[in-house]
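The values are calculated or read from the model by the stated rules, or taken from the named source; none is laboratory data. Source: prediction; values computed, not measured. All Cβ positions, even for glycine, are placed from backbone atoms using ideal geometry, and neighbour counts span all protein chains on display.
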Amino acid sequence: MKKLMQALIAVLLVAFGLLYAVDHLNASSGQTAGNTLTVYNWGDYIDAELIDRFEEETGIKVIYETFDSNEAMMTKIEQGGTTYDVAVPSEYMIEKMREQDLLYPIDHSRLPNLMYIDERFMDLPFDPGNRYSIPYFWGTVGILYNTDKVKSEITAWNDLWKPEFRNDILMIDGAREVIGMGLNSLGYSLNDTNEKHLQEAKAKLDTLTPNIKAIVGDEIRMLMENDEAAIGLVWSGTASELMWKKDNLEYVVPEEGSNLWFDNMVIPKTAKNIEAAYSFINFMLDPEVAAQNTEYVGYSTPNKKALELMPEDIVKDERFYPSADMTARLEVYENLGPEMLAHYNELFLKFKMHRK
Amino acid sequence: MQANNRTFYWIPYVLWIALFVVAPLLLIVYYSFFDLNGNFTFANYQNFFTPVYLTMALSSFWYAFLITFFCLIIAYPAAYFITHSKYKQLLLLLIILPSWVNLLLKAYAFLGIFSTYGAANSLLETVGIGARQILFTDFSFVFVSVYIFIPFMILPIFNALDKLNPALIYASRDLGASFWATFLKVIFPLTSSGVKAGVQAVFIPALSLFMMTRLIAGNRVITLGTAIEQHFLVTQDWGMGATIAVFLILIMIVMMIVTGTRKKGVL
């Protein structure tokens with residue numbers, strides 16, 4: 001019993017000691033417990049240096065948390081356990097959050113840097129007049145392939161069905177992406193809700209099973225980097241980041257069409273430090289900051305002024321800044337409603353269970 | 001006075017059980033009766049008895065069985081060896097040590113080891129068998145799961161074996177029983193409580209593994225755990241997710257009854 005007490009006291013002492021040390025460290029870097037900002041963003045979606053810079057410039061301490069799907073993010077915001085001040089959902093999710101009254105309207109007069117954003121990315125159907133969201137990044141979904149392993153050129157979704165790619169394709173673990181690809185490969189819209197078309201798409205995807213090596217999450221970056229598979233279905237930013245590291249990778253937006261998406265910054269109703277949220281959004285809109293962030297993250301920036309500051313070979317690259325002609329073939333995800341989303345997911349689950 | 005004291009000691013326990021065990025369970029059952037729009041329904045239960053979820057339940061069961069089976073085959077001899085070793089405590093510590101490392105970290109390590117150009121394949125290459133796909137197969141899934149769960153199987157078996165009175169074994173051998181007869185009639189029956197505890201500790205969590213199915217099996221193995229994760233996080237169909245959880249709990253209760261109440265020596 002005495003020993004137990006001694007152990008207990010020792011643990012408490014260490015715990016309080018550490019707590020004091022953390023507090024001391026924070027205080028010495030000019031941060032107080034009161035002024036914190038909680039940012040909720042996708043994994044690996046910001047240059048961490050910029051967070052440090054923001055903290056230095058404003059004295060606001062940033063708590064940075066990440067999510068790996070829009071739905072997971074929304075679930076946590078709905079529950080309201082954590083005081084997220086800024087979040088970065090995609091377009092269809094912004095629409096859904098707006099409908100459910102989870103967002104604060106944004107006062108444009110408090111964001112002077114908003115003028116640098118390209119008109120093309122403002123006032124889109126998912127958020128007319130940008131009342132609730134401010135553009136952060138945009139991009140596409142496409143095929144990343146290893147030119148050492150893939151001898152023929154890949155231009156379309158339908159190329160993936162070639163028998164030579166047996167057991168060599170990695171897919172991303174997302175129902176909209178995968179079912180959407182099935183629909184696109186048949187020439188249907190990726191927002192299709194026609195039951196016959198959906199069943200056709202599922203049946204077509206089943207025939208792709210022998211070629212699929214695995215259906216994974218963010219690990220796809222590491223796996224593609226280590227040459228684990230010849231082909232990966234990825235978001236454009238993942239592709240550009242990897243192509244920057246490795247010369248033998250190539251990215252293509254399939255000719256049948258694909259997904260065009262936007263990730264925007266919002267202030268969810270869980271926000272406590274709205275003042276800080278505005279400073280953060282404005283900071284991220286600064287052309288120089290946006291340029292640095294874009295070069296780090298690899299997605300496409302909606303910031304016109306930032307593009308001028310960036311190297312020409314990035315900005316002129318049509319794979320990541322597609323031409324108007326190409327953009328016409330791309331579609332934005334629509335919010336299909338919970339029933340349809342559940343149906344998409346059930347089809348996806350059945351597809352996953354389809355064995356080789 | 002003493003009676004008062006006793007009730008006082010019960011308070012933390014009762015509060016804990018009520019708040020963190022009973023209340024969540026009731027909530028799960030409650031949610032399982034609602035559809036996407038919050039209307040009361042039995043449809044989730046009907047939905048569970050469709051081929052999709054039944055196959056999923058069967059496959060969860062099958063993989064959990066495989067994992068438990070291999071754990072047991074490896075753990076029993078290992079525990080036996082440890083109890084008869086001079087360095088009991090050290091060996092036991094070595095077995096427990098890996099369980100202090102975060103599960104995801106271990107999974108990521110195996111992603112590297114089993115990858116096409118990883119350590120496992122270079123070994124196969126040098127031995128002359130040649131590289132093959134290890135990652136994203138049933139083998140890798142079961143292997144990594146067994147690796148993760150094995151301490152939970154070894155510990156209870158070790159405890160049971162350690163408590164076994166060696167005089168009983170000597171007596172059995174003296175009376176002419178062979179090694180196998182001694183094992184089957186004396187050692188194993190007397191340590192079956194440890195085996196049962198180990199089986200429970202492995203089988204039940206193995207039923208609802210979900211991160212492993214994506215990281216190590218590349219979603220080529222789909223268990224009920226995967227489906228629950230998807231319903232709660234992606235489709236937000238909490239009703240269906242809760243329904244699957246209810247069935248998982250039922251399966252677990254059945255497991256507890258089957259492995260728990262058998263009388264001693266029946267085997």
| remark: Conditions (1) out of contact with any strand residue (DSSP E or B) (no Cβ under 8 Å at 6 or more places or on another chain); (2) closer than 25 Å to B:Gln230 by Cα; (3) at pLDDT 90 or above -> A:Asn282 fails only (2)
| task | Determine which member of the set B:Met240, B:Met256 is away from chain A (no Cβ under 14 Å) and either part of a helix (DSSP H, G or I) or touching a residue at least 60 places away in the same chain (Cβ under 8 Å) (or both). | result | B:Met256
| message | Given (1) surrounded by 23 or more Cβ atoms within 10 Å (Cβ to Cβ); (2) in contact with a Phe, Trp or Tyr (Cβ under 7 Å, 6 or more places away or on another chain); (3) without any contact (Cβ under 8 Å) to a residue 40 or more places away in the chain, identify the lone condition not met by A:Leu183. | response | (2)
| field | Residue, surrounded by the most Cβ atoms within 10 Å (Cβ to Cβ), within the range B:99-124, restricted to residues that are within 11 Å of chain A (Cβ to nearest Cβ) and in a loop (DSSP other than H, G, I, E, B) | value | B:Ser115
| Qualifying residue in the range A:316-325 (condition: assigned to a loop (DSSP other than H, G, I, E, B), among the small types (Gly, Ala, Ser), surrounded by fewer than 20 Cβ atoms within 10 Å (Cβ to Cβ) and over 20 Å from the mean Cα position of the chain (by Cα)) | yes
| What about A:Asp173, is it crowded, with 23+ Cβ neighbours inside 10 Å, within 21 Å of A:Tyr45 (Cα to Cα) and either in contact with an Asp or Glu (Cβ under 9 Å, 6 or more places away or on another chain) or in contact (Cβ under 8 Å) with a residue 40 or more places away in the chain (or both)? | yes
| Does the range B:63-86 contain any residue that is away from chain A (no Cβ under 14 Å), of a type in the set (Ser, Thr, Tyr), in contact (Cβ under 8 Å) with a residue 40 or more places away in the chain and more than 20 Å from B:Ala197 (Cβ to Cβ)? | no
| query | Out of all the residues in the range A:274-290, which are assigned to a helix (DSSP H, G or I), touching a residue at least 12 places away in the same chain (Cβ under 8 Å) and of a type outside the set (A, V, I, L, M, F, W, C)? | reply | A:Tyr278, A:Ser279, A:Asn282, A:Pro287, A:Glu288
| message | Just the residues that are more than 11 Å from chain A (Cβ to nearest Cβ) and within 17 Å of A:Glu339 (Cβ to Cβ), please, taken from the range B:41-56. | response | B:Thr41, B:Ala43, B:Asn44, B:Gln46
| request: May I ask you to verify whether A:Glu255 is part of a loop (DSSP other than H, G, I, E, B), touching a residue at least 12 places away in the same chain (Cβ under 8 Å), acidic (Asp, Glu) and out of contact with any Asp or Glu (no Cβ under 7 Å at 6 or more places or on another chain)? | output: yes
| task | Quick one: A:Trp138 ticks every box in (1) more than 30 Å from A:Ser279 (Cα to Cα); (2) surrounded by 14 or more Cβ atoms within 10 Å (Cβ to Cβ) except a single one, so which number is it? | result | (1)
| query | In the range B:203-237, what residues are away from chain A (no Cβ under 14 Å) and in a helix (DSSP H, G or I)? | reply | B:Phe203, B:Ile204, B:Pro205, B:Ala206, B:Leu207
| said: Among (1) touching a residue at least 12 places away in the same chain (Cβ under 8 Å); (2) at positive phi, there is one condition B:Ile28 misses while meeting the rest; what is its number? | reply: (2)
| task | Considering only residues that are outside any helix (DSSP H, G or I) and out of contact with any Ser or Thr (no Cβ under 7 Å at 6 or more places or on another chain), look in the range B:134-152 and name the one that is nearest to the other protein chains (Cβ to nearest Cβ). | result | B:Phe136
| request: Tell me which residues, restricted to the range A:161-207, are within 14 Å of chain B (Cβ to nearest Cβ) and of a type in the set (A, V, I, L, M). | output: A:Ile169, A:Leu170, A:Met171, A:Ile172, A:Ala175, A:Val178, A:Ile179, A:Leu205
| query | Could you list, in sequence order, the residues of the range A:65-105 that are surrounded by fewer than 23 Cβ atoms within 10 Å (Cβ to Cβ) and part of a loop (DSSP other than H, G, I, E, B)? | reply | A:Asp68, A:Ser69, A:Gly80, A:Gly81, A:Thr82, A:Thr83, A:Gln100, A:Asp101, A:Leu102, A:Tyr104, A:Pro105
| said: Among the residues of the range B:148-166, are any farther than 17 Å from B:Ser192 by Cβ and surrounded by fewer than 14 Cβ atoms within 10 Å (Cβ to Cβ)? | reply: yes
| message | Among the numbered criteria (1) farther than 15 Å from B:Val246 by Cβ; (2) surrounded by 11 or more Cβ atoms within 10 Å (Cβ to Cβ), which one does B:Tyr31 miss? | response | (1)
| Number of the condition not met by A:Asn335 [criteria: (1) loosely packed, with under 14 Cβ neighbours inside 10 Å; (2) within 14 Å of chain B (Cβ to nearest Cβ); (3) under 20 Å from the mean Cα position of the chain (by Cα)] | (1)
| note | Filtering helices (runs of 4 or more DSSP H) wholly in the range A:163-230 for at least 3 residues that are in contact with a strand residue (DSSP E or B) (Cβ under 8 Å, 6 or more places away or on another chain) gives A:175-185, A:220-225
| request: Quick one: A:Asp123 ticks every box in (1) under 23 Å from the mean Cα position of the chain (by Cα); (2) surrounded by fewer than 18 Cβ atoms within 10 Å (Cβ to Cβ); (3) away from every other protein chain (no Cβ under 14 Å); (4) touching a residue at least 24 places away in the same chain (Cβ under 8 Å) except a single one, so which number is it? | output: (4)
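This table checks each residue for (1) of a type outside the set (Phe, Trp, Tyr); (2) at pLDDT below 95; (3) assigned by TED's automatic domain parsing to the domain that holds A:Asn303.
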{"position": "A:Gly174", "(1), (2), (3)": "yes, yes, no"}
{"position": "A:Leu183", "(1), (2), (3)": "yes, no, no"}
{"position": "A:Lys196", "(1), (2), (3)": "yes, no, no"}
{"position": "A:Asp218", "(1), (2), (3)": "yes, yes, no"}
{"position": "A:Val234", "(1), (2), (3)": "yes, yes, no"}
{"position": "A:Glu241", "(1), (2), (3)": "yes, yes, no"}
{"position": "A:Trp244", "(1), (2), (3)": "no, yes, no"}
